[in-house]
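What follows is one structure encoded as structure tokens, with my remarks underneath.
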Amino acid sequence: AESVGAIASGMPPRAVSCPICAQQFFKASLPFHMKQCEVKSASILIPCPGCGQEFPQGELARHVDGCRQARNFRTQFGPKEASPLPGPPGPRPAVPTGAPRL
């Protein structure tokens, strides 16, 4: 817990974001969390936005770079909407929200 002095002085919280899941942790706890988060995220399968084939989260970006259908998807909808890894890990739809389904 934060000390009363730190809160009263207006100092920013000591929490830092996990680069994998974006949850907040104290700086000293982050390395322990990241080990578990990496294991967990490796087991989460996410569909490619182009072809729909599922990949572990850590391998999806590499697949999308070489996926012809994902390239066509990025060309059609633009790079922002086609980004395969926006935000924290978890199942994502094959087509971004708001995009027309084929």
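Throughout, read-outs are computed from the coordinates displayed, never taken from laboratory work. What you are looking at is a predicted structure, and each value in this text was computed from that prediction instead of being measured. Cβ sites come from the backbone with ideal geometry, for glycine too, and all protein chains shown count toward neighbours.
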*Evaluated at 4 °C with a viscosity of 1.567 mPa s, what Stokes-Einstein diffusion coefficient in µm²/s does region 9-67 have when Rh comes from the Kirkwood expression over alpha-carbon pairs?*
98
*Output the peptides 17-23, 53-59 sorted from most to least packed, where packing is the average of other Cβ atoms within 10 Å over each peptide's residues.*
53-59, 17-23
*Relative contact order, percent, region 10-68 [alpha-carbon distance under 8 Å, six or more residues apart]*: 20
*GLY50's amide H: which non-local residues (gap 5+, or another chain) put their own amide H closer than 5 Å, with H modeled 1.01 Å from N in plane and none for Pro or chain starts?*
ALA70
_Around HIS33, under 15 Å between beta carbons, what's the net of Lys plus Arg minus Asp minus Glu among the other residues?_
+3
*Along Cα→Cβ, 7 Å out, is where each label goes; now give me the distance between the ones at SER17 and SER29 in nm to one decimal.*
1.8
*Placed amide H near ARG14: partners under 5 Å, 5+ positions off or other chain*: none
